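One structure is given below, encoded as structure tokens.
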Amino acid sequence: MCGIVGFTGSMDAKDLLLNGLFKLEYRGYDSAGIALITTEQDVPHIDVVCRVGKVVELARAVKEAGITGTCGIGHTRWATHGAPSERNAHPHLSCDGRLAVVHNGIIENYAHLRTLLKGKGHTFVSETDTEVVAHLIEELYNGGIFEGHSCRSGDMFCALRTATKLLQGAYSLAIVHADYPCDIFVTRRDSPIVVGSSVRGAFVASDTPAIIDHTRDVVYLDDNNIAVLHANGSIEFYDGAGEKIAPEPTHIEWDAQTAERSGFPDFMLKEIYEQPRVVRDTLVGRMVDGCLYFREFTDDGELFQHLERICIIGCGTSYHAGLIGKNFIEEWTRIPVEVEVASEFRYRNPIITKNTLVIAISQSGETADTLAAIRLARSQGAKVYAITNVVGSRITRESDSVLYIKAKLEVSVAATKSFLAQITLLALIALYIGQERHFLSRDEVADYYAEMERLPGQIEEILSDLSGIKRAARACSQAHSVMFIGRGMGATACAEGALKLKEISYLHAEAYPAGELKHGPIALLDEHVPVVAIATESATKGKIISNVEECAARGARVIIVATKGDNAMGKYSDYVIYIPWVKDCFMPITASVPLQLFAREIALLRGCDVDQPRNLAKSVTVE
């Protein structure tokens, strides 16, 4: 959600800021702006340009304004407090116009602070929670006393550090002040921020794509830390107590080219085609001398022997990966598994013991609800494993063990390759626990692993011919709603298929276990509500065919995802999408690929932006 970029150094900042904002467009936003420290008659001041809409509109406005400077900050805003408008767009200024701030997150006590600041004579021009930060720091910087706190006049570091004691909620902040024309002040709490430097200067961003062209060695700030960026490229770091620290930088393995479309028309399609590589990378190095190996679990043998239950938590696509993971774990370990939406987990007083393992899934590693659930689980004695795609993200520092899915950068808001990587990793974890508990024999584990090694090739086979998917999509693009049905593993794969369609095409879709049709959903079916059914080779195929016939009898067009060679499926459906044969347990990995492509094709036919769907953000860092 939202995007931050900042630079101070020896080159013109405006193009660097705009390019950084372009790189952050995948996060979702509705307005954008930059603030540059410029000089007029040797007096530094701040120029701000904001626009509603895309960054390209901001770029035109900046060019027309003709402003230039070597220190500045930029932002893409996703509206929370106040509608999308220029006055609500970031950066926000202090009353004297000498301080500008950009902010990701939510200031929960902004209304209280706003009232107090108005009482001290501050004038607000926006509806946002962020603007209180600018006025609060201004009040403290000018020597004012606020809620019993004060600073020496002109001490920006003290003003920022004191302000953070008064702010409640989640935030990452980047601030410039005309009295410090070559510096940027940065801090965070429960919202990601990263800083780095090069010979050109120092950089700050909410995510690494914005600055990867300029530096590959970055520092992810911890909560309450402050970084002060200088034009010579040096960065000073301070902990929450105000003491200087020297954090270790993280080297980013992927490069700027990874973030480019590489000839594909959109990032979503590029990332779908990267899925065979992602599955291969997830498998590499896990089978050693005929046994599955996880160095991340070397000290957890006793935990596995005494596990009473496993709880998987996640949001959106990560939650759906957890539903599929539940099937793997219960089948291969016989340990009961609960899958919970992370945003509900901590509000229902869950039963957690020292013999409970919590697996938290978050592509970004910064999902606010998942982080809050992790803290609750650990406070009650559970061990937490994190599955994430982002090295150095918050979840990596708040969990007991971390497993990376090796999907590399995922730009499209709709998760595709990270989803398949999550499922693949959950399958490996389930096999490993089954192996360690001696529920699965060495030969059984090797057989399952061999099946998984064939999955990348099977995905490539699906990607080699999209004609059937495109025909089905054209038939459904003007539907009123789409229903997805399946049984067993097919039902869990359908949940993600329906979500993908909703996310990027704005076409309503729902997923149901096929056995639930007659318990209500069948009433929705007519010629305007097509049905997508997963009917691959499995113990329940006969049952799903009966359900498909019920749908066809109500006038619904039927699209079946079937096993290649099962030619009989044509008589039960209007369209058949064939996928290679796999063991039923691994079917969600291959069946998800045509469902992703089906959703994308419908979205394009409906004129939608598949990479940046409306109202959505790649990383949900607030509740």
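Listed values, structure above:
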{"quantity": "Filtered residue count, segment 62-80, keeping only those that are surrounded by 16 or more Cβ atoms within 10 Å (Cβ to Cβ) and either free of Cβ contacts under 8 Å to residues at least 60 places away in the same chain or in a strand (DSSP E or B) (or both)", "calculated": "11"}
{"quantity": "Selection within segment 358-408 - part of a strand (DSSP E or B), open to solvent by 10 Å² or more (accessible area, probe 1.4 Å) and of a type in the set (S, T, N, Q)", "calculated": "Ser401"}
{"quantity": "Candidates Leu116, Leu160, Leu136, Leu140, filtered to the one that is more than 30 Å from Arg397 (Cβ to Cβ) and part of a helix (DSSP H, G or I)", "calculated": "Leu116"}
{"quantity": "Cross-chain or 6+ apart pairs with Cβ under 6 Å, segment 352-363 first and without any contact (Cβ under 8 Å) to a residue 40 or more places away in the chain, then surrounded by fewer than 18 Cβ atoms within 10 Å (Cβ to Cβ)", "calculated": "Lys354/Gly381"}
{"quantity": "Given (1) open to solvent by 10 Å² or more (accessible area, probe 1.4 Å); (2) within 30 Å of Glu410 (Cβ to Cβ); (3) assigned to a loop (DSSP other than H, G, I, E, B), index of the condition Ser191 fails", "calculated": "(1)"}
{"quantity": "Selection from segment 516-542 of residues that are under 13 Å from Tyr572 (Cα atoms) and either of a type outside the set (Val, Ile, Thr) or modelled with pLDDT under 90 (or both)", "calculated": "Ala533, Ala535, Lys541, Gly542"}
{"quantity": "Members of segment 235-256 found to be of a type outside the set (Val, Ile, Thr), open to solvent by less than 50 Å² (accessible area, probe 1.4 Å) and not in a strand (DSSP E or B), listed by number", "calculated": "Asp239, Gly240, Gly242, Pro247, Trp254, Ala256"}
{"quantity": "Among the candidates Leu431, Leu440, residue that is within 30 Å of Lys564 (Cα to Cα), assigned to a helix (DSSP H, G or I) and open to solvent by less than 20 Å² (accessible area, probe 1.4 Å)", "calculated": "Leu431"}
{"quantity": "Flag if Gly20 is crowded, with 16+ Cβ neighbours inside 10 Å and assigned to a strand (DSSP E or B)", "calculated": "no"}
{"quantity": "Selected residue [under 29 Å from Ala414 (Cα atoms), among the small types (Gly, Ala, Ser), under 26 Å from the mean Cα position of the chain (by Cα) and modelled with pLDDT under 95] from Gly322, Gly316", "calculated": "Gly316"}
{"quantity": "Number of the condition not met by Gly486 [criteria: (1) buried (at least 24 other Cβ atoms within 10 Å of the Cβ); (2) in contact with a His (Cβ under 8 Å, 6 or more places away or on another chain)]", "calculated": "(2)"}
{"quantity": "Leu420 in a helix (DSSP H, G or I) and of a type in the set (A, V, I, L, M, F, W, C)", "calculated": "yes"}
{"quantity": "Enumeration of residues in segment 144-165 that are of a type in the set (A, V, I, L, M, F, W, C) and either open to solvent by 20 Å² or more (accessible area, probe 1.4 Å) or farther than 26 Å from Gly33 by Cα (or both)", "calculated": "Ile145, Phe146, Cys151, Phe157, Cys158"}
{"quantity": "Qualifying residues in segment 167-186 (those that are modelled with pLDDT under 95 and open to solvent by 10 Å² or more (accessible area, probe 1.4 Å)) - the one farthest from the chain's Cα centre (by Cα)", "calculated": "Gln168"}
{"quantity": "Flag if Arg454 is open to solvent by 10 Å² or more (accessible area, probe 1.4 Å) and either within 30 Å of Phe264 (Cβ to Cβ) or of a type outside the set (D, E, K, R) (or both)", "calculated": "yes"}
{"quantity": "Helices (runs of 4 or more DSSP H) contained entirely in segment 466-581, each with at least 1 residues that are of a type in the set (Asp, Glu)", "calculated": "489-505, 541-553"}
{"quantity": "Subset of segment 289-314 (residues that are at negative phi, open to solvent by 40 Å² or more (accessible area, probe 1.4 Å) and part of a loop (DSSP other than H, G, I, E, B))", "calculated": "Tyr293, Thr298, Asp299, Glu308"}
{"quantity": "Count of residues meeting criterion [out of contact with any Leu (no Cβ under 7 Å at 6 or more places or on another chain) and open to solvent by less than 40 Å² (accessible area, probe 1.4 Å)] in segment 542-552", "calculated": "3"}
{"quantity": "Answer residue from segment 590-614, given it is part of a loop (DSSP other than H, G, I, E, B) and open to solvent by less than 10 Å² (accessible area, probe 1.4 Å) and is nearest to Arg77 (Cα to Cα) among those", "calculated": "Pro613"}
{"quantity": "Restricting segment 23-53 to residues that are open to solvent by 60 Å² or more (accessible area, probe 1.4 Å) and closer than 24 Å to Leu173 by Cβ, the residue that is farthest from the chain's Cα centre (by Cα)", "calculated": "Arg51"}
{"quantity": "Filter pass, Val411 being of a type outside the set (D, E, K, R), in a loop (DSSP other than H, G, I, E, B), open to solvent by 20 Å² or more (accessible area, probe 1.4 Å) and under 25 Å from Tyr171 (Cβ atoms)", "calculated": "no"}
{"quantity": "Segment 11-26 residues that are closer than 17 Å to Lys54 by Cβ and touching a residue at least 24 places away in the same chain (Cβ under 8 Å), paired with ones that are among the hydroxyl-bearing types (Ser, Thr, Tyr) and open to solvent by less than 40 Å² (accessible area, probe 1.4 Å) (beta carbon under 7 Å, 6 or more apart)", "calculated": "Leu21/Thr76; Leu24/Thr76; Leu24/Ser206; Glu25/Thr76; Tyr26/Ser412"}
{"quantity": "Yes/no for Ala100 being in contact (Cβ under 8 Å) with a residue 24 or more places away in the chain, under 18 Å from His75 (Cα atoms), assigned to a strand (DSSP E or B) and under 34 Å from the mean Cα position of the chain (by Cα)", "calculated": "yes"}
{"quantity": "Contacts under 8 angstrom Cβ, first residue in segment 587-612 being farther than 13 Å from Gln275 by Cβ and free of Cβ contacts under 8 Å to residues at least 40 places away in the same chain, partner β-branched (Val, Ile, Thr) and assigned to a loop (DSSP other than H, G, I, E, B), 6 or more apart", "calculated": "Leu604/Val610"}
{"quantity": "Some residue of segment 313-323 being in contact with a Pro (Cβ under 7 Å, 6 or more places away or on another chain) and not basic (Lys, Arg)", "calculated": "no"}
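The values are calculated or read from the model by the stated rules, or taken from the named source; none is laboratory data. Bear in mind the structure is a predicted one, so any value in this text is a computation, not a measurement. Please note: Cβ atoms are built from the backbone with ideal geometry, for glycine as well, and neighbour counts cover all protein chains shown. Accessible surface is based on the protein model in full, side chains and every heavy atom, while ligands, DNA and RNA are left aside. Shrake-Rupley method; radii C 1.70, N 1.55, O 1.52, S 1.80 Å.
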